[in-house]
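The block underneath contains the structure these notes are about, expressed in structure tokens.
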There are 2 protein chains.
Amino acid sequence: MSALQALKTKLADINALEAAGAVLDWDQQTYMPPKAVEARARHASVLGRLAHEMWTSDELQTLLGRAEAEAEPGSVDAALVRIVRRETSLKTKIPAQLVERKAQLAALGHEVWVEARAASDFGKFAPTLAEMVDIVREEANCLGVGDSIYDPLLDQYEEGSTAADVRTMFETIKQPTVDLVRAIRETNTQPDTGRLIGEWDQGRASEFTLKVVQAIGFDLQRGRQDVAPHPFCTNFSVNDVRLTTRFKPYIGSAIFGSLHEAGHGMYEQGSPEEWDGTPLAGGVSLGVHESQSRLWENIVGRSRAFWEHFLPSLQGSFPELDHYNLDSFYAAVNKVEPSLIRVEADELTYNLHILLRFEIELGMLEGTLAIKDLPEAWNEKMREYLGIVPPNDAQGCLQDVHWSGGSIGYFPTYSMGNLLSYQIWARLQQDIPNTDDLMAKGHFAPIFEWLRERIYAQGSRYTPKDLVVRVTGKPMGADDWMSGMKSKYSALYRLA
Amino acid sequence: MSALQALKTKLADINALEAAGAVLDWDQQTYMPPKAVEARARHASVLGRLAHEMWTSDELQTLLGRAEAEAEPGSVDAALVRIVRRETSLKTKIPAQLVERKAQLAALGHEVWVEARAASDFGKFAPTLAEMVDIVREEANCLGVGDSIYDPLLDQYEEGSTAADVRTMFETIKQPTVDLVRAIRETNTQPDTGRLIGEWDQGRASEFTLKVVQAIGFDLQRGRQDVAPHPFCTNFSVNDVRLTTRFKPYIGSAIFGSLHEAGHGMYEQGSPEEWDGTPLAGGVSLGVHESQSRLWENIVGRSRAFWEHFLPSLQGSFPELDHYNLDSFYAAVNKVEPSLIRVEADELTYNLHILLRFEIELGMLEGTLAIKDLPEAWNEKMREYLGIVPPNDAQGCLQDVHWSGGSIGYFPTYSMGNLLSYQIWARLQQDIPNTDDLMAKGHFAPIFEWLRERIYAQGSRYTPKDLVVRVTGKPMGADDWMSGMKSKYSALYRLA
């Protein structure tokens, strides 16, 4: 057996452990009975440890070295060994003891964060966060600090991206976004969103969202949708992709949440089946993944053309929405309004929430922002970027779960996804100029097929930066997003 | 660390792999999308292999030897090492190559059986079955043949039981059962069961069955119920027990199926929490397990007292059942009628189906029955024991899945469960004489508590044979079942 073949056999074992771990997690978030939490944590932790042992084993390292020598440069096998090298390298650079310390603090930190948020008291969370920042700093040092301590952390989620890239991105969009938001506010236009909140029948809502996700290309023979309090997408195989959603109280949670998760899901379903169970399968990075969820959620799902097709059917399921016509519904689901909570933000203000978090993360890591001063910094930036100030920490700096688990360096990938979605769409429209006509007819196949071929079917073969250039002809930038925002919202809000 | 402690740590790893494997299986039978089958098989097989490697590893053998020396005789730890010794010994005696051959033939054999049953043609299945019988014979030889080649096979499912035990059991009940069935038939009484078939609303059926399983003692904080085409009970922890059921077309499938699986489930939930994740937790054998499912299904669930309490509530959910009064409903759900299909058999004729299978298994293993003659032997025994003959193989010797997977020696545990349920109930009634009053009031706690304390809370600490004596004061026998049948059906069918 060649080293490559032996390596693939080892990787299949690791994949089975990781897939089983993902099933345990999916089950925990959808159906698991409440008192099973402790046993589930034990089982998941053993699977995680066994997979980690395999990833970092001498046997795998040896096989990998030999496989690297065997793989034809430029071949799929070469891509495979490159990904495996990156994975094992990330995993071996961080000592097991640090991984363990972080996991323990994350488990504890989550509890502490839940309590602090319930009490709306950042002071309760501050010592834990300070300890977590220390651990993450240590982690960054193990991975190897480049120009910024932020770089190795961001790289874990978005290979090859740096703090400098993120800074450039935000420099391009910050002032124009703030200006556009202000111009919209000054129109004093208030789209009527009141009727979008209600007690929606779950059966009918689920029927509608399943119709929508199937229409855009999600394959229900190779996936399903269930209910979860915090919606997510996971997969255990290219042929087993699980979406979750929630249906109340905002009807948009169901619709746009389903489109969002289906965007992630179609990316996962689109990998070549012969790569299934190998690190070649699946989305290449968080940012590129988010570009697909946001593309389907915002560019397709929040377009007027999309609702030209789907509004009658939605109103058929929920006659209480007959109140709306196409224009008022389109305006309602695209209402721009500075708000306190990131996950509820509209697509225009969303990036400002991320910018704020990026700057705070940088400050914490570089030591220029003392943890105790975090609420003040948060509120100041909210005032500056969005013109509103949280009345308390729960609606301010305690709103996100990420930091309690040590996910620092993660937030920028959300904005990268937003920007990339418009950049990819702009390129797609060069090949398919009549996207509005297609969507208005409910004919999504050409759009899906364009994305499938160029992005989904590439799996993780190319680095994210390479993929972006291959697909769009240029590196990730902010121009397409910014001009997309200006043209969409100038029309919607009749700006001068 | 003591060897005992180190052994327990190893066992926890094995348990995590096995629990994860059980989650994969549950998911496959309940929610998994259809095209995920192949990937799921790959993942499950890796988990199974890794667990098997751990069970049979030198490290575990060494630890076990040292732990056996450490464990205080008579202690719980001594019970633990005894169980682990039995497990590793079963697993190490059968060569990996034979395990692999059997697994492959089982996978293939299942497909062949499905096709042969669809075509109702035993000839299509015969060569595969012959090969499977050869493998099972080899397996028996590896395990060590005692008085009968059947003994080591049965012992895998029911520790310590032998073909001689099974023979004694059937000798006691065979003729009296056949006579009782004949006497019933001669009364020409036909309980009205027609209204029990229908298109039951799943939501209301599920609400009713959940009410029932909770009432008898199943804890929905530590378990749940879902829909599956072939109902089963599985568990991943004492705090995570999953029942499945089906709701159509016979309303009894939902009700008695739910009671049956809840009986298994309460047994699993009842192990001491400190044993969770160790081989001490969980039911001790298939026969004892079946005694609990059958006790709740038949003795409790098919009693007149049970329906005195639950019929009004069932009729509230399904007014189409208002047709029945308590007596006619009680008669309907206890209708005795020789029938072709084991899983649909009433509790009286059921054991005759098992007797037939036991005799055929013995014949195949001992070589006194040629595989090609199986349909004839089957039909002959059906005529002799039940007075009816299958019109084709699909409704005859091809009806059960067991043999295609190589589960030979398994069937008798169903009858052991039936017999044991009445033996245990007879002993319970010495302590709780007013079971009918309690059940008629919907007050199941004293019954549950009696079983919990004596059986469920013992987990696998004692051998099945020891447990039966501890609980009932005598070894498993057929007398209580036989006299239970005579008194119940004499009254129901007004026999002389």
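Per q in 0.08 1/Å, what log10 I(q)/I(0) does a Debye calculation on the alpha-carbon atoms of the protein assembly as shown return? For the protein assembly as shown, the Cα-only Debye profile gives -0.92. Averaged over peptide A:9-18, the number of partner chain Cβ atoms lying within 10 Å of each residue's Cβ comes to 3. Both radii were evaluated on the Cα set of the stretch A:288-363; the Rg over Rh quotient, with Rh as the Kirkwood radius, amounts to 1.09.
Using the Cβ-Cβ distance between B:Arg185 and B:Ala457 with R0 set to 45 Å, the FRET efficiency works out to roughly 0.60. Applying the Kirkwood pairwise sum to the alpha-carbon positions of the stretch A:57-159 produces a hydrodynamic radius of 16.1 angstrom.
Efficiency by 1/(1 + (r/R0)^6): what FRET value for B:Ser75 and A:Arg42, r their Cβ-Cβ distance, R0 = 30 Å, to the nearest 0.05? Efficiency, from the Cβ-Cβ distance: 0.80. The rotation axis taking chain B to chain A passes closest to the C-beta of one chain B residue; that residue and the distance in whole Å read B:Ala20, 2. Treating each Cα of the stretch A:369-496 as one equal point scatterer and applying the Debye formula with no solvent, the log10 of I(q)/I(0) at q = 0.15, 0.16, 0.19 Å⁻¹ comes out as -0.95, -1.01, -1.12.
Label separation (A:Ala496 vs B:Asp436): 9.3 nm, computed from points 7 Å beyond Cα along the C-beta direction.
The residues neighbouring A:Leu314, those whose beta-carbon lies less than 13 Å from its own, together hold a net charge of -2 under the Lys/Arg +1, Asp/Glu -1 convention.
Model label points for A:Asp327 and B:Glu320, set 7 angstrom from Cα along the Cα-to-Cβ axis, are 5.1 nm apart. Altogether, the Stokes-Einstein calculation at 4 °C and 1.567 mPa s, with the Kirkwood radius of the stretch B:269-395 over Cα pairs as Rh, returns a diffusion coefficient of 71 µm²/s. Hey, what did the stretch B:1-93 get for relative contact order, percent, Cα under 8 Å, at least 6 apart? Worked out over the stretch B:1-93, it gives 40 percent. Between their Cα atoms, which of B:Lys174/B:Lys486; A:Lys174/A:Lys488; A:Lys335/A:Lys486; B:Lys335/B:Lys381; A:Lys10/B:Lys93 are more than 24 Å away from each other? Flagged as over cut-off: A:Lys10/B:Lys93. Of all aspartates and glutamates in the structure, the ones whose alpha carbon falls short of 12 Å from that of A:Lys372, not counting any fewer than 8 places away in one chain, are A:Asp121. Shown is the FRET efficiency for B:Gln395 and A:His443, computed with R0 = 60 Å from the Cβ-Cβ distance and rounded to the nearest 0.05: 0.75. P(r) tail for chain A: Cα pairs beyond 41 Å make up 18% of the total. Computed over the stretch A:186-295, the range of Cα coordinates on each principal axis works out to 52, 37, 24 Å, biggest value leading.
Placing a label point 7 Å from Cα along the Cα-to-Cβ axis, A:Asp373 is separated from the same position in the other copies by 9.5 nm, shortest listed first. Compactness ratio for the stretch A:1-93: Cα radius of gyration over 2.2 N^0.38 Å (N = residue count) comes to 1.30.
Since every read-out is calculated from the coordinates, none of them should be taken as a lab result. Since this is a predicted model, take the numbers as computed values, not measurements. Neighbour counts run over all protein chains shown; Cβ positions are idealised from the backbone, glycine included.
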